[in-house]
Amino acid sequence: MGTPYLDITWQGNRKLSASALEVRVEDHDRLIDQATLTLSDPAGTGAATVQPGQRLTIDLGWDGEHAVIFEGLVAETRAQAPQGGPQVVTVVARDLSQLMQRERRPHEDYHGTLGSVVRAVAARHPEIPIGQVACDPDPSFPEDRPVRQHDQTDYEFLLTLAQRYGARFFVEYNEGASKLYFVSDKKIAAAEPLGVLPYCRGRGKLIAFTYENVAARAARRTSVSVHDPMTGEVRKAEGTAPPRPPALAVDSGRAAEIGRADPAARAVYESAVAAGTVTPPPAVTDTAVAVASDPAAAEQATVPDPTRLLGLRGTGRAVGTVMLRAKGKVTIHGIAPWAEGDWYVSRATHIWRDTSAGGRPGASYEVEFTATR
């Protein structure tokens, strides 16, 4: 795997990497990404020169595989001058979507398709080019029923549209620039996993993983009744039943590996999988409330989030990799059979630390993440 790689570029061409003690890049699926840098500052110059509004990028990974995973603007700096020990400065930067938070719009109506509305809002921010707009559904808003931006920033408005119409809105560095993305949950859920994390105590890429199966979190059938604003007629929309958990099956390769270490444990594994057939829960229908009097909105309110259908949630720690990113999927092996498979990553925090000691240079790189299924 090699040596952890870090390159921090500040204000275009200046480097901060040599002063780094710790770097944390928080990659979220529904929040503005944030980077927190702890820098050695023995002369106190860092606190005087790194200021809010300045741009920085972070290239992270291993000497054989690394990529720019963050570009943003400094939001705050905190200097520490302790009684004993060296001075340090902490720099907090947030991605360029913060530029869409600077102005609240008191009242703005939009007509056309959802995709055209997203593009119209994005056009007000030429400093953030559009990377992709993929809406599914892509409803139309006629002149007599526009979609309204009321006392919201452009960031808040696009985030509201994403939550209402089953999409993810974010700004991410890709192909040499930060770009705006508005991508449907369906498209994200259908994408191929970005990698595989096998758990094997002491040897696997997945260092630790805590996971749980909570029935109350699983998707339910949803029913919605609204009044059609044009006719007064009551319209009812009912979603489809959530999918059943995948059938459990014995992994012959894993069974053989377990059997080599402990034949009795192999028998326990095989019998546990065979006994693990999931009984479907009784049909439950939730009634959605606070839905606009719009048949199209009612239909959308019955669609569950495809990244959280089964009610599984996990938090883990893995050997650092730039492929483990929020809004992507990862395949996890080596855990309980009912939990193995593709997981959606909702948060990934990339952590680089300086581990130098005794005059010998050193560094570590890990990723802490939250995932759902």
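Every number in this text was worked out from the coordinates using simple rules, so none of it is lab data. A quick note: this is a predicted structure, and the numbers were derived from the prediction, not measured. Cβ sites come from the backbone with ideal geometry, for glycine too, and all protein chains shown count toward neighbours.
Values computed for the structure shown
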| read-out | value |
| --- | --- |
| Test: residue in region 116-128 that is over 30 Å from TRP10 (Cβ atoms) and either of a type in the set (Ser, Thr, Tyr) or under 19 Å from the mean Cα position of the chain (by Cα) (or both) | yes |
| Hits in region 91-107 (condition: loosely packed, with under 15 Cβ neighbours inside 10 Å and either of a type in the set (A, V, I, L, M, F, W, C) or not in a loop (DSSP other than H, G, I, E, B) (or both)) | GLN101, ARG104 |
| Enumeration of residues in region 182-201 that are touching a residue at least 40 places away in the same chain (Cβ under 8 Å) and farther than 16 Å from LYS329 by Cβ | PHE182, TYR199, CYS200 |
| Qualifying positions in region 341-373 - more than 15 Å from the chain's Cα centre (by Cα) and either part of a strand (DSSP E or B) or crowded, with 19+ Cβ neighbours inside 10 Å (or both) | GLY341, ILE351, TRP352, ARG353, ASP354, ALA357, ARG360, ALA363, SER364, TYR365, GLU366 |
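Here is a yes/no grid of residues against (1) over 20 Å from PHE170 (Cβ atoms); (2) small (Gly, Ala, Ser); (3) part of a loop (DSSP other than H, G, I, E, B):
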| site | (1), (2), (3) |
| --- | --- |
| ASP109 | yes, no, no |
| SER116 | no, yes, no |
| GLN132 | no, no, no |
| ASP136 | no, no, yes |
| GLU143 | yes, no, yes |
| ARG148 | yes, no, no |
| LEU159 | no, no, no |
